[in-house]
1. Which trypsin sites (Lys or Arg not before Pro) from region 231-279 combine a DSSP loop assignment with at most 14 other Cβ atoms within 10 Å?
2. Under the Kirkwood approximation for Rh and a Cα-based Rg, what ratio Rg/Rh is obtained for region 56-164?
3. Which distance in nm do the two modelled labels at R255 and S207 give, with both placed 7 Å along the Cα-to-Cβ direction?
4. Just to be sure I understand the model, the point goes 7 Å from the Cα along the line to the Cβ. What's the resulting E225 to L168 distance in nm?
5. Taking θ as phi - 60°, what are the ³J(HN,Hα) couplings along region 170-184 by the Karplus curve (6.51, -1.76, 1.60), each to the nearest whole Hz, with x for Gly and Pro?
6. Diagonalise the Cα gyration tensor of region 49-96 and give the resulting equivalent ellipsoid semi-axes, square root of 5 times each eigenvalue, largest first, whole Å.
7. Please compute the modelled spin-label separation between K240 and N3, points set 7 Å along Cα→Cβ, answer in nm with one decimal.
8. Using amide H atoms built in the peptide plane, which far-off residues or other-chain residues are under 5 Å from V80 H to H?
Amino acid sequence: MFNKILVPLDGSPIAASTLSHVLAVTQPHEASITLLRVVEPAAGDANLINPTDWQLQRTEASTYLDELVAACTEACQATVNNVVLEGSAADRILEHAQGHGHDLIVLSSHGKGGISSWNVSSVALKVIHRCGIAILLVRAYQAPELAAPGPIQPVRYHKICVPLDGSLRSEHVLPAATRLAEQHDAELLLVHGVIKPELFDRTPVDSEYGAWIENIVEHNRRQAERYFDELSQRLDVALKTYIIASEDVASSLHRFVDEHGVDLVILSAHGRSGRHGWRYGSLTSGFIAYGTTHLLILQDRPWQDIDEGSAAHVARTNRSAAMQRRETYTAPMHQVDSW
């Protein structure tokens, strides 16, 4: 399922709660797990860093990861290693993930800053929106395993929800979803949202248009039922299917997840529209920002094919220009021969 898993940690118990989820999605003997700690300079002038203090931070980070490697190795049969890097946390995480061929990053929604009123911390959000590979976002405020010190135990998923829009892009998560459902003996819930057409009309809709809308909704509902019947025959796993008709499908899906006690949502990064250059479709973006359940997002496109965005392009151009200026200022002057 996942061959190379990257787990960024910041030394806090909150971030370490992801390890139970790492074990939950790891197949013994099949995966390689890398625990990553980024040592960041304190706010201020990096030139004022005390080399002794800096080396002490690196040593503490390495010791911390060594202990977690031992705990993970004891709890699973995967290959576990660790890496300590320096610099900006989000940048180093992204560089390591993309440079070493990782196919999954397991992130905590919060870290050493504690649980805040923001649904996802700034570092996690930067990684999510720039990584371009699969992400397992662990909602730290939904992680009861934090209160259970001792050996690391894999969390168990009881209800796994997969929203589908009928496209091949959304369906490509099904192999992972069915495998996890079997591994955890979990209920697999497939749900499709039927959108009620919206008319631009400032006056109440008359009966003729009302009946027309209902006919469209009923037609789409029947097509969704047929679609789920076909899926049920293709998938060799017990599942339940649900069809929701709503003017606001996204909100209805969030409500469905809450009402059914779902503890893992699995989504494709893009759905039917698959907008070129966007890291995520609107539904997935909504679950990142507003979801309250652990979230597994699988990328349907290589990260190299996704537009980096205007801000990232400008920042990269500015860095390149700054490097060229520094090289110009520090270039040795040509020696002039004297007469």
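1. Numbers: sites: R234, K240, R255, R272, R275, R279; in loops: R272, R275, R279.
Counting only loop positions with at most 14 other Cβ atoms within 10 Å, the trypsin sites (Lys or Arg not before Pro) in region 231-279 are R272, R275.
2. Values: Rg = 15.2 Å, Rh = 16.0 Å.
Here Rg/Rh amounts to 0.95.
3. 2.8 nm
4. Using points 7 Å along Cα→Cβ, the separation is 2.8 nm.
5. Karplus-based 3J(HN,Hα) across region 170-184 equals 5, 6, 5, 7, 5, x, 5, 5, 5, 5, 5, 4, 5, 4, 9 Hz.
6. Values: eigenvalues 118, 47, 6 Å².
Each semi-axis is the square root of five times an eigenvalue, giving 24, 15, 6 Å.
7. Placing both labels 7 Å along Cα→Cβ, they lie 3.7 nm apart.
8. Distant-sequence amide H within range of V80: I33.
No lab work stands behind these numbers, since they all come straight from the coordinates. Everything numeric in this text was worked out from a predicted model, so none of it was measured. A quick note on method: Cβ atoms are made from the backbone with ideal geometry, for glycine too, and the neighbour counts reach across all protein chains shown.
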